[in-house]
């Protein structure tokens with residue numbers, strides 16, 4: 001299953017910003033390095049898929065994720081959650 005989503009919203013402030021969100025420069029540096037990174041639920045636990053690609057769009061960093069339902073309970077739950085929320 002492929003999922004599109006925003007990984008980081010538009011950052012607040014410029015390059016001197018030191019808060020919760022990534023800066024524009026951070027996102028520009030990271031976008032090309034995201035492909036193939038494992039996807040986890042809440043950033044921990046087992047891998048449920050991988051990042052297919054990442055790009056910048058309207059100041060945000062967006063991602064296309066592939067969720068692999070390979071007999072991992074967490075991947076199956078994530079797949080069903082996306083299906084329910086989509087409809």
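Every number in this text was worked out from the coordinates using simple rules, so none of it is lab data. Fair warning: this is a prediction, and the values are worked out from it, not measured in the lab. Please note: Cβ atoms are built from the backbone with ideal geometry, for glycine as well, and neighbour counts cover all protein chains shown.
Here are a few things to note about the model shown:
- Highest average packing first - 63-70, 52-59, Cβ atoms within 10 Å: 63-70, 52-59
- Normalised by the number of residues in the chain, the average gap of Cα pairs under 8 Å and 6 or more apart makes the relative contact order 31 percent.
- With both labels modelled 7 Å from their Cα along Cα-to-Cβ, the residue 7 to residue 64 distance reads 1.4 nm.
- Principal-axis analysis of the Cα atoms of the chain puts helix 73-86 at an angle of about 70° to the longest axis.
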